[in-house]
There are 2 protein chains.
Amino acid sequence: MATIKDVAEKVGVSVTTVSRVLNNRGYLSEDLKRRVYEAMKELNYQPNELARSLFRKKSFIIGLIIPDISHPFFGEFARYVEEYAYKNRYKVLLCNSQLDNKKELDYISMLRASQVDGIIMGSHTLDTEEFTTINLPLVTLDRQLSESIPYVSADHYKGGVLATKLLIRKGCRKIAHISGNLKLHLLAKSRYDGFLDTVTKANIPHVVVETDLNGFKYDEYEKIVEDLFRQHPDIDGVFASSDVIAAQVLKECRKLGKEVPKDVKVIGFDGIKLGRYITPGLSTIQQPIKEIAKTSVQLLIDQINGKEVQRENILPVKLVEKETT
Amino acid sequence: MATIKDVAEKVGVSVTTVSRVLNNRGYLSEDLKRRVYEAMKELNYQPNELARSLFRKKSFIIGLIIPDISHPFFGEFARYVEEYAYKNRYKVLLCNSQLDNKKELDYISMLRASQVDGIIMGSHTLDTEEFTTINLPLVTLDRQLSESIPYVSADHYKGGVLATKLLIRKGCRKIAHISGNLKLHLLAKSRYDGFLDTVTKANIPHVVVETDLNGFKYDEYEKIVEDLFRQHPDIDGVFASSDVIAAQVLKECRKLGKEVPKDVKVIGFDGIKLGRYITPGLSTIQQPIKEIAKTSVQLLIDQINGKEVQRENILPVKLVEKETT
DNA sequence: CCGGATGTGTCAAACGGTTGATATAAGAAC
DNA sequence: GTTCTTATATCAACCGTTTGACACATCCGG
């Protein structure tokens, strides 16, 4: 690849001059600029961002750590993170942790070494202390880490309440909640809290199953849902903590000959695009994924630029009622 | 962040020595190594990859350009690309083109400037000539670019034939094919060829609808499918060129009161994980996404390392029959 | 014709590493 | 007591950029 030196030689000036043209600094005659740009074009020259980043101590790269990009929620999240990063001239380094503690830690090292300007953390297998050494602008998704680290999250509690209330209103007498991991101290746990508070207040029999203990093992969902209905055949309402799990519930109901929504009502969570393709149409609590991503990127860039940012960023959820309730 | 100089000063040796320890070159006493590593730990030191990459002329970063990471096929593809890249100590820079020509071109520039070691191209809005200036190891997904650029693809033709034959065998008398973009010179077009050849040979009435003209406009699928059934109410078999579209077909059938598979049989393409969550279970042609990703990464790394690689890499597809046929 | 703007361009150090060449000391071989 | 190994560590140049400091013209006013 051509370097700035090649351009300088071709034009017959020093590299400093070419650099000045590149960055538009100092006095530069129109004629000089023209000659330099021409030479760049001819040589198919592109400034080496590595060298620039090294000097500027800024790489314009952000790290995105998530559990699994092939999970629809994170896929959509990543899509919008990329979109807003791009609009701000940042590049995105994709890191799938697969909820593997070692890989997550390793990626954090790699990102630090790669001099990324900041990290968006959507995967949370690490303890709070392990973050103390990162020393980099950070934004977390759905997790409250420390006083200084801003986080973005949907209003999970409200979502849990809305979903549960809907099921109750529709006449469910025994409701199951299939939750995500309740031990990771994620804010998503509030979905469970919202469910529990609502169901308790209304004095409705209920049962909770926890999934997703380590990773997105789609295959396990099937067994979990099967077991649930075997042990509690009288369940007539299910609040699943993700649309993917809700889809699995629908599948199981079909297998058992339970009609949805007549015999069992089902509501999911996330509001992923693919929910729209499920038949019957899936009722769900929709997270504002695009806004969550946009806010995450904005908070990160603001921090990178030394601005003060708000610590708590809770975005509203929306009940979307379709055919399964 | 601590630099190598800080470490050197702390240990009381030169930076060269520390660098030697870091890279395990030359004769190094055990005692020295120990002292150096200790200092590194204490200072929370990490070598600056930017500086290293600059010197080595190798960044260990690969660029991944795809249309849309939130599309399940590309999400799964990206997941595995990341997995194999990680195993080989490469990092992945995520680029969503959204099938926007300008963005795709811009990303290629950015990747070149960022000194990535190679690019996996899964988005194809560019003309062949525009690739001549890239001058970087390249692997394309589903597209044949030039003599020198290796490509990876599933056996789309065979997939098209298998899907169509299945529909015929199951007794379909009028079959529709909802294709992807037929003008982008993608190898996926062979699904269409396979369909057409099979249906023609069997002398079965058929109709083809093209989708996906510019971007993944999920919302448009609905209208397309609606129109299809309005214009051809007698269709009793649909071969959709993606599982997402197939799901939309199922939805429409339900709306129209057509029973699947009794009245209409449906088969998709891709074999994405989420297909499993659709009810009724979606029959599909499964692409070996994991293998495709693995092969892509391997071909790229081999090229980076100066090895000769095979140009054509066609991987087998598999018919997965579920409930919709 | 001197002093100061004004315009144009170069020098050299710095960013944080790596590495070939080289220096130095100690011990072994002769 | 040379000479040769072997072990240990340093010097200085380099990767491709950026930028503060400075040099040199040219022009203008006085």
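The values are calculated or read from the model by the stated rules, or taken from the named source; none is laboratory data. This structure is a prediction, so every number in the text was calculated from the model and none was measured. We place every Cβ from the backbone using ideal geometry, glycine too, and count neighbours over all the protein chains shown. For the accessible areas, the whole protein counts, side chains as well, though only heavy atoms, and no ligand, DNA or RNA atoms are used. Shrake-Rupley method; radii C 1.70, N 1.55, O 1.52, S 1.80 Å.
In terms of its C-alpha gyration tensor, region A:55-159 comes out rounded, because the ratio a/c of the largest to the smallest axis stays below 1.5. Working from Cα pairs under 8 Å separated by at least six residues, relative contact order for region B:88-231 is 19 percent.
Comparing A:ILE62, A:ILE314, A:ILE119 in a Gaussian network model of chain A (Cα springs below 10 Å), the most mobile by mean-square fluctuation is A:ILE314. In region A:262-300, burial by the other protein chains removes 40 Å² or more of accessible area from A:LYS273, A:LEU274, A:ARG276, A:TYR277, A:THR279, compared with the chain on its own (1.4 Å probe, ligands and nucleic acids ignored).
Exposed loop sites here are GluC sites (Glu not before Pro) assigned a DSSP state other than H, G, I, E or B and surrounded by at most 15 other beta carbons within 10 Å; excluding them, the longest clear run of chain B is B:1-146.
A 1.4 Å probe run over the protein assembly as shown, with the rest of the protein chains in place, finds 43 Å² accessible per residue.
Computed from the C-beta positions of B:SER14 and A:SER109, the FRET efficiency with R₀ = 35 Å rounds to 0.85. Which of the three applies to region B:156-287, rounded, prolate or oblate, going by the alpha-carbon gyration tensor with a ≥ b ≥ c and a/c under 1.5 meaning rounded? It comes out rounded by the Cα gyration axes. Mean partner shielding of peptide A:87-94, defined as the number of other chain Cβ atoms within 10 Å of each residue Cβ, is 4. Shielding of peptide B:45-54 by partners, expressed as the average count of other chain Cβ atoms within 10 Å per residue Cβ, is 6. Peptide A:19-27 has a mean of 0 when you count, residue by residue, the C-beta atoms of other protein chains within 10 Å of its C-beta.
Considering only B:GLY63, B:GLY306, B:GLY160, give the residue with the highest GNM mean-square fluctuation for chain B, with springs between Cα atoms whenever their separation is below 10 Å. Residue with maximal mean-square fluctuation among B:GLY63, B:GLY306, B:GLY160: B:GLY306.
Here region A:182-307 is treated with +1 on each Lys and Arg Cβ and -1 on each Asp and Glu Cβ, and its dipole about the Cα centre works out to around 340 debye. Karplus-based coupling profile of region A:17-33, in residue order and whole Hz: 4, 4, 4, 4, 4, 4, 9, 6, 10, x, 8, 9, 6, 4, 4, 4, 3, with θ = phi - 60° in 6.51 cos²θ - 1.76 cosθ + 1.60 and x standing for Gly or Pro.
When Lys and Arg each count +1 and Asp and Glu each count -1, what net charge do the other residues less than 10 Å away from B:TYR90, Cβ to Cβ, add up to?
The answer is +1.
The listed residues A:ASP234, B:ASP155, A:ASP142 rank as A:ASP234, B:ASP155, A:ASP142 when sorted by accessible area, largest first, using a 1.4 Å probe. Between copies, the label points at A:ARG169 (set 7 angstrom from Cα along Cα-to-Cβ) are spaced 4.9 nm, reported in nanometres from shortest to longest. When the helices of chain A are scored as -39500 (n - 2.57) per DSSP H run of n ≥ 4 and the total is divided over every residue, the value at 222 nm lands at -13500 deg cm²/dmol. Per atom type, region A:201-315 shows carbon and sulfur on 47% of its accessible surface, probed at 1.4 Å. Anything over 27 Å Cα to Cα? Flag those among A:LYS258/B:LYS262; B:LYS165/B:LYS273; A:LYS183/B:LYS290; A:LYS189/B:LYS91; A:LYS258/B:LYS273; A:LYS255/B:LYS223, in the order listed. Over 27 Å apart, Cα to Cα: A:LYS183/B:LYS290; A:LYS189/B:LYS91; A:LYS255/B:LYS223. Sorting the segments A:197-204, A:172-179 by their residues' average number of neighbouring beta-carbon atoms within 10 angstrom, most packed first, yields A:172-179, A:197-204.
Between this copy and the others, label points of B:SER14 are 2.9 nm apart in ascending order, each placed 7 angstrom from Cα in the Cβ direction.
When the surface is traced with a 1.4 Å probe over the full set of protein chains, A:MET40 keeps roughly 20 Å² accessible. Across all Cα pairs in region B:4-47, the calculated P(r) in 10 Å bins from zero up to the longest distance comes to 33, 63, 5 percent per bin. Taking θ as phi - 60° and the Karplus parameters 6.51, -1.76 and 1.60, the scalar couplings of region B:170-179 work out to 7, x, 5, 10, 8, 10, 9, 10, 9, 9 Hz in sequence order, x denoting glycine and proline. Computed over every Cα-Cα pair of chain B and binned at 20 Å starting from 0, the pair-distance distribution P(r) comes out as 29, 44, 20, 8, 0 percent. In chain B, taking the dipole from charged Cβ atoms about the Cα centre, the farthest positive-side position among B:LEU167, B:VAL15, B:GLY281 is held by B:VAL15.
Comparing Cα centroids, region B:163-190 and region B:236-267 end up 13 angstrom apart. With N as its number of residues, region A:270-325 has a Cα radius of gyration that, divided by 2.2 N^0.38 Å, comes to 1.54.
Dividing the mean sequence gap of close Cα pairs (under 8 Å, 6+ apart) by how many residues chain B holds gives a relative contact order of 17 percent. Comment: the Cα-to-Cβ extended label point of A:ASN203, at 7 Å, lies 7.4 nm from its counterparts in the other copies, nearest first. Taking Cα centre as origin and charging only the Cβ of basic (Lys, Arg, +1) and acidic (Asp, Glu, -1) residues, the dipole magnitude of the protein assembly as shown rounds to 200 debye. Taking a ≥ b ≥ c as the square roots of the eigenvalues of the Cα gyration tensor, an a/c ratio of 1.5 or more together with a/b no larger than b/c marks the protein assembly as shown as oblate. Taking amide H atoms as placed 1.01 Å from N in the peptide plane, the amide H of B:HIS177 lies under 5 Å from those of B:VAL207, B:VAL208, B:VAL209, B:PHE239, each 5 or more residues away in sequence or on another chain. The interface between chain A and chain B buries about 5800 Å² of solvent-accessible area in total (1.4 Å probe, ligands and nucleic acids excluded). Taking the accessible area of region B:112-152, probe 1.4 Å, and keeping the other protein chains in place, the carbon and sulfur fraction comes to 42%. Out of B:TYR84, B:PRO72, B:LEU94, whose Cα points farthest toward the positive end of the dipole of region B:7-113 (charges: +1 Lys, Arg; -1 Asp, Glu; placed on Cβ)? After comparing all options, I get B:TYR84. Of the beta bridges in the protein assembly as shown, as assigned by DSSP with both residues counted there, near 10 percent are antiparallel.
The alpha carbon centroids of region A:1-33 and region B:28-88 are separated by 33 Å. In this label model, B:GLN144 and A:ASP263 are separated by 5.2 nm, measuring between points 7 Å along each Cα→Cβ vector.
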